[in-house]
Amino acid sequence: MSHRKFEAPRHGSKGFLPKCRSKRHKGKAKAFPKDDPTKPVHLTCFMGYKAGMSHIVREVDRPGSKVNKKEIVEGVTIIETPPMVAVGVVGYIETPRGLRALKTIWAEHIGEECKRRFYKNWSQSKKKAFTKSCTKWADDLGKKEIEKELNQMKKYCTTIRVIVHTQMKILRRRQKKAHIMEVQLNGGSVSDKVNFAREHFEKEIPVGAVFAQDEMIDIIGVTKGHGFKGVTSRWHTKKLPRKTHKGLRKVACIGAWHPSRIQFTVPRAGQKGYHHRTEVNKKIYRMGAGFAMKDGKLVKNNAATDYDLADKSINPMGGFPHYGEVKQDFILLKGCCIGPKKRVLTLRKSLFIHTKKRALEKINLKFIDTSSKFGHGRFQTPQDKAAFMGPLKKDRKE
């Protein structure tokens, strides 16, 4: 029997096997926070689109720490979160085999972007989705039936979830098809939840109604895809010595003679990235408002802090690379997060109550960087650049 020359822990976690491409493109919330009937009714999830990263400067408020009262620089991710629209409600009853949907009620008017989700080819379709179900709302008989179903929900259901979709038309991306998801309602009694869902039909729900500043949230999404990769990149195994025959980015021994099969624990080449993942405890550093009209003027001042002299928007000079400009509401999260630019992310309330000092720390931003993310950004705003450069040839009036 031979033995290995050097002992070493295994490379890579077995908890994430099989490392295959995700079935779904949008992150699925597989668990929701525990319901507390004493709180008011609220949504537990939201959807946003990753725009890019920047960095901030803030003063740390952490008594007892070496960095307390000192300024630190941290990376932040900007996630654009336009308001979502509620278009339906689902009531679930508990069975020995888990939850079962009892009733689903759809709103009267459902936007085109939402209907597109039910078709593979919208332009060539007859666009008949929901044309019959919405007639229920028109006559008294149908309205009575809807009331009856809502009352059944209040009587029998234990879990109420609203069907919401993102607004693609205000996001101005290439895609026109909205992302739809079921979001659990927590807080209040079951009848309160059903009433809440009924009142919010066809109404916009802003991100401020779900999350708050300094809150810890979880991010669910599909990671950036990297295609077919070898073992060095996929499992971070050691490279073999330089003179190795037939390549060195390999695993030297993939198993003993017997059992005469390859064990699943041995690192192999294959798909890397585009996996469904949940990242917990991302702190919200800022809840930003989108561009809005005020007194006939477009207000873009959503990235200025108390220390800034000029107004500035969150968009870096030249926009976010591979994304564009963030014009809707956004949230600023500490650190990086899953997925490439434009990827749809599911933001969920944390599953437990935070008591750590780190989690409860109040954040006061001193500076948000808006210099260009495409090259060596030297200027924070176009006004800074104009003041430094002086009149340029391209700005000359003919």
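For region 277-313, give me each residue that is among the basic types (Lys, Arg) and outside any strand (DSSP E or B). Spell out how you get there, then give the answer.
If we filter region 277-313 for residues that are among the basic types (Lys, Arg), which is where we start, we get 277, 282-283, 286, 294, 297, 300, 312.
Selection gives LYS300, LYS312.
Can you name the residue in region 215-237 that is open to solvent by 60 Å² or more (accessible area, probe 1.4 Å) and of a type in the set (Lys, Arg) and, of all such residues, is nearest to the chain's Cα centre (by Cα)?
LYS224
I'd like the residue in region 113-123 that is under 26 Å from PRO206 (Cβ atoms) and in contact (Cβ under 8 Å) with a residue 24 or more places away in the chain and, out of all such residues, is surrounded by the most Cβ atoms within 10 Å (Cβ to Cβ).
Here the answer is CYS114.
Return a yes/no flag: does region 52-62 have any residue that is open to solvent by less than 20 Å² (accessible area, probe 1.4 Å), farther than 18 Å from GLU215 by Cβ and either at pLDDT 95 or above or touching a helix residue (DSSP H, G or I) at 6+ places or on another chain (Cβ under 8 Å) (or both). Steps first, answer last, please.
Residues of region 52-62 that are open to solvent by less than 20 Å² (accessible area, probe 1.4 Å), as a first pass: 52, 54, 56, 58, 60.
When the remaining residues are screened for being farther than 18 Å from GLU215 by Cβ, the result is 52, 54, 60.
Now drop any that are not either at pLDDT 95 or above or touching a helix residue (DSSP H, G or I) at 6+ places or on another chain (Cβ under 8 Å) (or both), which leaves 52, 54.
There is at least one residue in region 52-62 that is open to solvent by less than 20 Å² (accessible area, probe 1.4 Å), farther than 18 Å from GLU215 by Cβ and either at pLDDT 95 or above or touching a helix residue (DSSP H, G or I) at 6+ places or on another chain (Cβ under 8 Å) (or both).
If you go through region 74-111, how many residues are under 18 Å from ARG174 (Cα atoms) and either over 28 Å from the mean Cα position of the chain (by Cα) or surrounded by fewer than 14 Cβ atoms within 10 Å (Cβ to Cβ) (or both)?
0
Checking ILE163 against (1) part of a loop (DSSP other than H, G, I, E, B); (2) within 18 Å of the chain's Cα centre (by Cα), only one condition comes out false. Which one?
(1)
With respect to ARG172, determine if the residue is modelled with pLDDT of 95 or more and either polar (S, T, N, Q) or open to solvent by 40 Å² or more (accessible area, probe 1.4 Å) (or both). Give the steps one after another, and end with the answer.
Working: modelled with pLDDT of 95 or more: no; either polar (S, T, N, Q) or open to solvent by 40 Å² or more (accessible area, probe 1.4 Å) (or both): yes.
Taking the combined requirement at face value, the residue does not satisfy it.
What are the pairs, 6+ residues apart or on separate chains, where a residue within region 42-68 that is closer than 16 Å to PHE330 by Cβ has its Cβ under 7 Å from a residue that is among the aliphatic types (A, V, I, L, M) and open to solvent by 40 Å² or more (accessible area, probe 1.4 Å)?
HIS55/VAL73
Can you pull out the residues in region 376-398 that are part of a loop (DSSP other than H, G, I, E, B) and exposed (fewer than 10 other Cβ atoms within 10 Å of the Cβ)?
Answer for region 376-398, where residues must be part of a loop (DSSP other than H, G, I, E, B) and exposed (fewer than 10 other Cβ atoms within 10 Å of the Cβ): HIS376, GLY390, PRO391, LEU392, ARG396, LYS397, GLU398.
Rundown of residues vs (1) over 30 Å from GLU108 (Cα atoms); (2) open to solvent by less than 40 Å² (accessible area, probe 1.4 Å); (3) out of contact with any helix residue (DSSP H, G or I) (no Cβ under 6 Å at 6 or more places or on another chain), yes/no style:
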position	(1), (2), (3)
LYS243	yes, no, yes
LYS250	yes, no, yes
PRO267	yes, yes, no
GLN271	yes, yes, yes
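Is it true that GLY296 is open to solvent by 30 Å² or more (accessible area, probe 1.4 Å) and small (Gly, Ala, Ser)?
yes
Which residues, taken from region 191-244, are part of a helix (DSSP H, G or I), of a type in the set (Val, Ile, Thr) and touching a residue at least 60 places away in the same chain (Cβ under 8 Å)?
The answer is VAL194, VAL207.
Could you say which residue among LYS14, LYS28 is closer than 30 Å to VAL251 by Cα and either touching a Cys at 6+ places or on another chain (Cβ under 8 Å) or among the basic types (Lys, Arg) (or both)?
Residue meeting the stated conditions: LYS14.
Out of all the residues in region 73-103, which are without any contact (Cβ under 8 Å) to a residue 40 or more places away in the chain and either in a loop (DSSP other than H, G, I, E, B) or more than 26 Å from MET287 (Cα to Cα) (or both)?
Listed by number, the residues that qualify are THR95, PRO96, ARG97, GLY98, ARG100, ALA101.
From the list LYS143, LYS169, which residue is among the basic types (Lys, Arg) and farther than 24 Å from ASN195 by Cβ?
Step by step, each of LYS143, LYS169 is checked, and only LYS169 is among the basic types (Lys, Arg) and farther than 24 Å from ASN195 by Cβ.
Go through region 175-214 and count every residue that is among the β-branched types (Val, Ile, Thr), open to solvent by less than 30 Å² (accessible area, probe 1.4 Å) and farther than 13 Å from MET47 by Cβ.
Residues flagged as among the β-branched types (Val, Ile, Thr), open to solvent by less than 30 Å² (accessible area, probe 1.4 Å) and farther than 13 Å from MET47 by Cβ within region 175-214 amount to 1.
With the requirement that a residue be of a type outside the set (D, E, K, R), loosely packed, with under 14 Cβ neighbours inside 10 Å and farther than 21 Å from LYS169 by Cβ, what does region 125-137 give you?
Once the filter is applied, which keeps residues that are of a type outside the set (D, E, K, R), loosely packed, with under 14 Cβ neighbours inside 10 Å and farther than 21 Å from LYS169 by Cβ, region 125-137 yields only THR135.
The values are calculated or read from the model by the stated rules, or taken from the named source; none is laboratory data. Here the structure is a predicted model, which is why all the values come from computation and not from measurement. Please note: Cβ atoms are built from the backbone with ideal geometry, for glycine as well, and neighbour counts cover all protein chains shown. Note: areas computed on protein heavy atoms with side chains; ligands, DNA, RNA excluded. Shrake-Rupley method; radii C 1.70, N 1.55, O 1.52, S 1.80 Å.
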